[in-house]
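Asker: A single structure is presented below for examination.
The values are calculated or read from the model by the stated rules, or taken from the named source; none is laboratory data. Since this is a predicted model, take the numbers as computed values, not measurements. Please note: Cβ atoms are built from the backbone with ideal geometry, for glycine as well, and neighbour counts cover all protein chains shown.
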Amino acid sequence: MLTSLCWNNLSGDGLPVVTELLRVNQLVCERDERLLFKGLNFTLNTGEMLQVTGANGSGKTSLLRILATLTDDYEGEIYFAGQAIQAVLIAYRQQQLYIGHAPGIKGPLTPIENLRWLQGWYQSLSLHTIENALAKVGLHGYEDVPCYSLSAGQQRRVALAQLYLSHQALWILDEPFTAIDLKGVQHLESFLAEQASQGRSIILTTHHQLNVPDGLVKKLNVADYGE
Amino acid sequence: MYFESWADFWAMGKHGLYVWSCYGIAAVVMIYNIWVPLAQQKRFKQRYLRQLRREAQQQ
Amino acid sequence: MNWTWFHKLGSPKWFYEISSRWLPWLVILSLLLLVTGVVWGLAFAPAERFQGNSYRIIYIHVPAAFLAQATYVFMAIAGGVGLIWRMKMAEIAASCCAPIGASFTLLALLTGAIWGKPTWGAWWVWDARLTSMLILLFLYLGFMALQAAIDNKKTAARASAVLALVGLVNIPIIKYSVDWWFTLHQTASIKLTEKPAMPAEMYYPLFICLAGFYCFFAVVLILRLRAEILHREHKTGWVKALMSNKC
Amino acid sequence: MVSELNVPALTIKPVAVSPGGAAWITLCRDLRLGFRRQAELINPPLFFLIVVTLFPLGISPDPAFLAKLAPGVIWIAALLATLLAMDSLFRGDYEDGALDLLLIVPQPLFMHVLAKVTAHWLLTGLPLLVLAPILALMLSLPSQAYTTLIASLALGTPLLSLLGAIGAALTVGIRRGGMLLSLLILPLYIPVLLLGTGAVVAASEGLPAAGQLLWLAVLLTLGLTLAPFAIAAGLKITASG
């Protein structure tokens, strides 16, 4: 159901093969008459991690919201696999997973119900796959507990459990490590590195130093493109 | 002129109060509509001049 | 079809220059039309058989009512253009229209009510036209309230544009349902003085007043747009240049 | 198949659920969410009941007088109950970030918005329908008008929810947007109120009420087709604000 999408080289089974996933050039973003950044360019290939850094309020979240097509209040072009993003918006949205500051976890619902909704429009999930994804984020035994009785860290882990379920090619994670304990952070970092090596591209914002094989990570400081 | 005398004109045949109050309100609304943008522009110019003067002092 | 004039229309600088040339002529024209229309209507038009001289309020009430509705339609279209083509000028025009439209709706309401006293004997009568005018006033107030409630100027303009378009779709529905409701509950006293057929010499001043009101609207809108442009574009070079040589 | 950049190429598998399926998921989630918060479910019908009982106390318990008043009172109470419940439609999702996720799903937003409004109507509009005959009894509405009352509410309350959702989408980003929501949306409720009360008044006088009901059905279909676009536009504008 890839609408209006022609790829450069097709793999054996007719599925598109892509190396350069995302290209952004001359991106300009203004927030309430305050220029956040202008002339921002970067390209993101498959199997790469992009760490977006910058002081608070320098526009990191705005950049991620633009990349997640949450807002079209910007100038500049964004290309997904060589196509202008507006032309292939549906295909792009199928291939992106966005976890924002507020993870979108509903208190009264249990983790399973939350995940069934969060991943519901990408794929139909069997109970088993959800349960072992929750186990991987260390929430074994909390499957049927309503989320308002979980701690903030646990609620964020429920959102991060989507990473173990998702087939999307591009992950956009806004401060994924907040409220996660040290062991959880290391576990998540190794998982992200392993996924990146298998060809997934990840854009994330975090303040601490990622200990990941450095060949994988590209850094982008938003403040460099500011006023 | 439809009315014989000025007095007749003001009285408007016992409807004078209604007619003139309407025209009075109309005049007030029109003048208000003209006055607001002009006042806005004047206020903005003063603010801009002060800003200019402040910048001039800083240099 | 080259769209250059359309995009030129969108640039505030171009609009400011053009308006400073056209404004004086427009002011003279609207003054001329208004004075002739009012004087003709008040002093020279014949009195009406049933209502006597109180019908002369029509020369204010009807143009104000027409203008109120026309301004809402203009506002919704300007908002729509601003929303779809992201044109800054259209957004500014829509936000400047609202107060003008609201003031004319209020004028139409007040003059309608005052006119009702001698003809229907009560200050406020739930007449179909007056009721629709009252609802139009609520639509304007809703538009302005939404515009004021959202801090980010761009979002405020786009959100209120959506509201104006929704309101535009609803105006005919409101008008017909109020008319239908009014004919259902029509009291005897109002039926008697349905719109009287007006002889020609009463119509001429009405058209002149109407034209005068439209020109007046154009003048006031341009004045507001100029003030708003200077306010929003004060960072740009041309405003700075304009300001420094003006004072 | 590694390309010259020796970067592992990724085969992109198209993956998405059909719009109908996704809308069904949102509908089920909202219904489950609603039933989990039992306490909030009772508010609209309770408000509806209390407002209607105020009128006989405030004006006069005389049945003949109340019968004339009943259609208007019931309809205005239903309108206010829907308006009060409207603020919770998007606010919960807006605060915990679920609204942002809803805006970037591959399926058209039209379906999700329709699913959310339907779920909200089932939770707040339907109870008013169930409660209306009891209140008609209290206000001594003539018995031949009951079916028309139910029919007019059945057609009217979804329309009220759709129109209210437009206001909710526009004001969800504003902190105390509840009061502003009613100012924006009440003018749009007036035709629905006129037609609804008109139908019930005609029925209670024994006149045929089919005309008003058909007009309500016309407005409902208009609402069902056009309102979700306005709601989706409002949500997108709020998110990009």
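Asker: Search the range B:37-59 for residues that are part of a helix (DSSP H, G or I) and pair each with any residue that is among the basic types (K, R) and exposed (fewer than 12 other Cβ atoms within 10 Å of the Cβ) when their beta-carbon atoms are under 9 Å apart and the residues are at least 6 apart or on different chains.
Answerer: If the second residue must be among the basic types (K, R) and exposed (fewer than 12 other Cβ atoms within 10 Å of the Cβ), the pairs left are B:K45/C:K246.
Residues are listed down the side, and each one gets a yes or a no for (1) part of a helix (DSSP H, G or I); (2) more than 12 Å from chain D (Cβ to nearest Cβ); (3) not charged (D, E, K, R):
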{"residue": "C:T71", "(1), (2), (3)": "yes, yes, yes"}
{"residue": "C:G80", "(1), (2), (3)": "yes, no, yes"}
{"residue": "C:W115", "(1), (2), (3)": "yes, yes, yes"}
{"residue": "C:R129", "(1), (2), (3)": "yes, yes, no"}
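Asker: Oh, and also: Hey, does the range A:201-210 have a residue that's touching a Lys or Arg at 6+ places or on another chain (Cβ under 9 Å) and buried (at least 17 other Cβ atoms within 10 Å of the Cβ)?
Answerer: Yes - at least one qualifying residue is present in the range A:201-210.
Asker: If you don't mind, another one. Within the range D:190-209, track down each residue that is closer than 13 Å to D:L160 by Cα and either in contact with a Gly (Cβ under 9 Å, 6 or more places away or on another chain) or surrounded by fewer than 24 Cβ atoms within 10 Å (Cβ to Cβ) (or both).
Answerer: Scanning the range D:190-209 gives D:I190, D:V192, D:L193, D:L194, D:L195, D:G196.
Asker: What tally of residues in the range D:58-76 results from selecting those that are among the hydrophobic types (A, V, I, L, M, F, W, C) and over 18 Å from D:L131 (Cβ atoms)? Working first, answer last.
Answerer: Taking the range D:58-76 and keeping what is among the hydrophobic types (A, V, I, L, M, F, W, C), we get D:59, D:64-67, D:69-70, D:73-76.
Within this subset, residues satisfying the condition of being over 18 Å from D:L131 (Cβ atoms) are D:59, D:64-65, D:67.
Count: 4.
Asker: Another one. Looking only at the range C:89-104, decide whether some residue is surrounded by fewer than 23 Cβ atoms within 10 Å (Cβ to Cβ), at the interface with another protein chain (Cβ under 8 Å from one of its Cβ atoms) and among the β-branched types (V, I, T).
Answerer: no
Asker: To continue, here is another question. Of all residues in the range D:213-230, how many are within 9 Å of another protein chain (Cβ to nearest Cβ) and either touching a strand residue (DSSP E or B) at 6+ places or on another chain (Cβ under 7 Å) or in contact (Cβ under 8 Å) with a residue 60 or more places away in the chain (or both)? Walk me through it before giving the result.
Answerer: Within the range D:213-230, the first condition is being within 9 Å of another protein chain (Cβ to nearest Cβ), and the residues that meet it are D:215, D:219, D:222, D:226-227, D:230.
Filter once more, keeping what is either touching a strand residue (DSSP E or B) at 6+ places or on another chain (Cβ under 7 Å) or in contact (Cβ under 8 Å) with a residue 60 or more places away in the chain (or both): D:219, D:227, D:230.
Looking only at that region, the number is 3.
Asker: Sticking with this structure for a sec: Give the residues of the range C:117-127 that are part of a helix (DSSP H, G or I) and in contact (Cβ under 8 Å) with a residue 60 or more places away in the chain, sorted by residue number.
Answerer: C:P118, C:T119, C:W120, listed by residue number.
Asker: Pick from the range B:1-39 the residues that are more than 17 Å from C:V39 (Cα to Cα) and more than 7 Å from every other protein chain (Cβ to nearest Cβ): which of them is surrounded by the most Cβ atoms within 10 Å (Cβ to Cβ)?
Answerer: For the range B:1-39, the residue satisfying everything is B:V36.
Asker: Are there any helices (runs of 4 or more DSSP H) wholly within the range D:12-68 with 2 or more residues that are at the interface with chain A (Cβ under 9 Å from one of its Cβ atoms), at pLDDT 90 or above and buried (at least 16 other Cβ atoms within 10 Å of the Cβ), and if so which?
Answerer: Passing ranges, in order: D:19-36.
Asker: Here is a follow-up. Across the range A:15-45, which residue is farthest from the other protein chains (Cβ to nearest Cβ) among those that are over 18 Å from A:V88 (Cα atoms) and modelled with pLDDT under 85?
Answerer: As a first pass, look at the range A:15-45 and keep what is over 18 Å from A:V88 (Cα atoms): A:26-42.
Filter once more, so that each one left must be modelled with pLDDT under 85: A:31-34.
Working: A:R31: 8, A:D32: 5, A:E33: 8, A:R34: 11 Å.
That would be A:R34.
Asker: Let me ask another. Does the range D:86-97 contain at least one residue that is closer than 20 Å to A:K106 by Cα, among the aliphatic types (A, V, I, L, M) and at pLDDT below 95? Don't jump to the end; show me each part of the working.
Answerer: Of the residues in the range D:86-97, the ones closer than 20 Å to A:K106 by Cα are D:86-97.
Applying the additional criterion that residues be among the aliphatic types (A, V, I, L, M) yields D:86, D:89.
Retained after the next criterion (residues that are at pLDDT below 95): D:86, D:89.
Yes, the range D:86-97 contains at least one residue that is closer than 20 Å to A:K106 by Cα, among the aliphatic types (A, V, I, L, M) and at pLDDT below 95.
Asker: Given the conditions (1) assigned to a loop (DSSP other than H, G, I, E, B); (2) under 21 Å from A:T19 (Cα atoms), which single one is not true for A:L210?
Answerer: (2)
Asker: A further question on this structure: Out of all the residues in the range A:121-171, which are of a type in the set (S, T, N, Q) and crowded, with 19+ Cβ neighbours inside 10 Å?
Answerer: Matches in the range A:121-171: A:Q154, A:Q155, A:Q162, A:S166, A:Q168.
Asker: Looking only at helices (runs of 4 or more DSSP H) that lie completely in the range A:122-188, which have at least 1 residues being free of Cβ contacts under 8 Å to residues at least 24 places away in the same chain and charged (D, E, K, R)?
Answerer: A:127-136
Asker: Yes or no: C:S54 in contact with a His (Cβ under 7 Å, 6 or more places away or on another chain) and in contact (Cβ under 8 Å) with a residue 24 or more places away in the chain?
Answerer: When the stated conditions are applied, C:S54 passes them.
Asker: Only residues that are facing another protein chain (nearest Cβ under 7 Å), surrounded by 24 or more Cβ atoms within 10 Å (Cβ to Cβ) and in contact (Cβ under 8 Å) with a residue 24 or more places away in the chain: list them for the range C:134-161, please.
Answerer: Within the range C:134-161, C:L139, C:G142, C:R158 meet the criteria.
Asker: Out of (1) at the interface with another protein chain (Cβ under 7 Å from one of its Cβ atoms); (2) within 23 Å of the chain's Cα centre (by Cα), the odd one out for B:K42 is which?
Answerer: For B:K42, the failing item is (1).
Asker: Filter the range A:79-103 for residues that are part of a loop (DSSP other than H, G, I, E, B), crowded, with 22+ Cβ neighbours inside 10 Å and at the interface with chain D (Cβ under 7 Å from one of its Cβ atoms) and give the result.
Answerer: Across the range A:79-103, the qualifying residues are A:Q95, A:P103.
Asker: Sticking with this structure for a sec: Could you run through the range C:35-57 and say how many residues are of a type in the set (S, T, N, Q) and either under 9 Å from C:P205 (Cβ atoms) or more than 7 Å from chain B (Cβ to nearest Cβ) (or both)?
Answerer: 2
Asker: Same structure, new question: Look at D:L162 and say whether it is under 20 Å from D:M111 (Cα atoms), in contact (Cβ under 8 Å) with a residue 12 or more places away in the chain, crowded, with 24+ Cβ neighbours inside 10 Å and of a type outside the set (V, I, T).
Answerer: yes
Asker: So which residues in the range D:131-183 are within 14 Å of another protein chain (Cβ to nearest Cβ) and not in a helix (DSSP H, G or I)?
Answerer: Correct list: D:V172, D:G173, D:I174, D:R175, D:R176.
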